[in-house]
């Protein structure tokens, strides 16, 4: 082991001890999305997808939550739990997909389709959630759309997830927003086919935010939580994983005997990777950055989020 490797290991151990001490001292809960760095998932109390973390924060006894994810997730946690202190370790951790939908454009779309319900993917700003009838995650999007009495649905902002839902709920007319996850859009059909050629025994599993031509090659399509469950119960031992590479940490931890391949080196969400042990330690020590949402927006957005939580994933 080189001197640098020894230093890095000792520094990591120092930060881990500091985080655990601060968590105990302040009675905090650390939650982390499945796309976070390995060392963040390792030290988190709870890991999961957006739906699981929304439930976890709401059910938590702790009043101080360190949310290792991106801003829209921390906003949702605050909206559902305004009495709790929600910390986002890195203030700049945003989501390009969320920024693709604005209140002004959504209001115009609602004027075009006044009879339609608005289903808002949680990967959106609090202000856009406030303009929506109900939120959804990739875990429960199909069930959310099915639960509506309206025949027309404006689906905001991810067109790929919306297209996937449309295929499973043909009785509804879905009006799709022209938004997309920049990470999942990087995966092409060529990436998948070339990886399948290299690993013909592997099953390709994919997130519904991927392109339509990518999903047609998948043996399983689902949220990160659904992927994790599928792999664990599957008799197969080799998988090509069609989502952000952060999920590999939990897949390997839960299934050490199985093999996982990432079809492209570009499968990295830079915003999710901003959170480090150093930033997490600082967040707990100084109790920053506190995420809040204006009352008038939070009140409306909470209705959409709470309605989502009533629908099973």
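Quick check on this structure: which one of 277, 251 is under 21 Å from the mean Cα position of the chain (by Cα), assigned by TED's automatic domain parsing to the domain that holds residue 13 and modelled with pLDDT of 95 or more?
One residue alone meets the criteria, 277.
If residue 279 satisfies every condition in (1) in a helix (DSSP H, G or I); (2) closer than 27 Å to residue 93 by Cα; (3) free of Cβ contacts under 8 Å to residues at least 12 places away in the same chain but one, which is the exception?
Among (1) in a helix (DSSP H, G or I); (2) closer than 27 Å to residue 93 by Cα; (3) free of Cβ contacts under 8 Å to residues at least 12 places away in the same chain, the lone unmet condition for residue 279 is (3).
Counting only residues that are touching a helix residue (DSSP H, G or I) at 6+ places or on another chain (Cβ under 8 Å) and in contact (Cβ under 8 Å) with a residue 60 or more places away in the chain, which one in region 212-232 is surrounded by the most Cβ atoms within 10 Å (Cβ to Cβ)?
224
Looking only at region 250-270, filter to residues that are in contact (Cβ under 8 Å) with a residue 40 or more places away in the chain, surrounded by fewer than 20 Cβ atoms within 10 Å (Cβ to Cβ) and out of contact with any strand residue (DSSP E or B) (no Cβ under 8 Å at 6 or more places or on another chain); which one of those is nearest to residue 32 (Cα to Cα)?
268
Of the conditions (1) within 18 Å of residue 73 (Cβ to Cβ); (2) within 20 Å of the chain's Cα centre (by Cα); (3) surrounded by fewer than 21 Cβ atoms within 10 Å (Cβ to Cβ), residue 288 fails just one. Which one is it?
(2)
Go through 208, 235 for me and flag whichever is surrounded by fewer than 17 Cβ atoms within 10 Å (Cβ to Cβ), outside any helix (DSSP H, G or I) and at pLDDT 95 or above.
235
Take region 132-153 and flag every residue that is part of a strand (DSSP E or B) and more than 15 Å from residue 167 (Cα to Cα). Step through it out loud before you land on a result.
As a first pass, look at region 132-153 and keep what is part of a strand (DSSP E or B): 134-136, 152-153.
Residues satisfying the conditions are 134, 135, 136.
Being in a helix (DSSP H, G or I), in contact with a strand residue (DSSP E or B) (Cβ under 6 Å, 6 or more places away or on another chain) and in contact (Cβ under 8 Å) with a residue 40 or more places away in the chain is the filter here, so list the residues in region 24-67 that pass it.
Applying the first criterion (in a helix (DSSP H, G or I)) to region 24-67 yields 24-26, 38-43, 50-59.
After this cut, where a residue has to be in contact with a strand residue (DSSP E or B) (Cβ under 6 Å, 6 or more places away or on another chain) as well, the list is 26, 40-41, 53, 56-57.
Listed by number, the residues that qualify are 26, 40, 41.
Listed here are the residues, each with its yes/no results for (1) over 20 Å from residue 243 (Cα atoms); (2) out of contact with any strand residue (DSSP E or B) (no Cβ under 7 Å at 6 or more places or on another chain); (3) in contact (Cβ under 8 Å) with a residue 40 or more places away in the chain.
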site: 150; (1), (2), (3): yes, no, no
site: 153; (1), (2), (3): yes, no, no
site: 160; (1), (2), (3): no, yes, yes
site: 170; (1), (2), (3): yes, yes, no
site: 174; (1), (2), (3): yes, no, no
site: 181; (1), (2), (3): no, no, yes
site: 186; (1), (2), (3): no, yes, yes
site: 189; (1), (2), (3): no, yes, no
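The values are calculated or read from the model by the stated rules, or taken from the named source; none is laboratory data. In this text, all values refer to a predicted model and were calculated from it rather than measured experimentally. All Cβ positions, glycine included, derive from the backbone under ideal geometry; neighbour counts span all protein chains shown.
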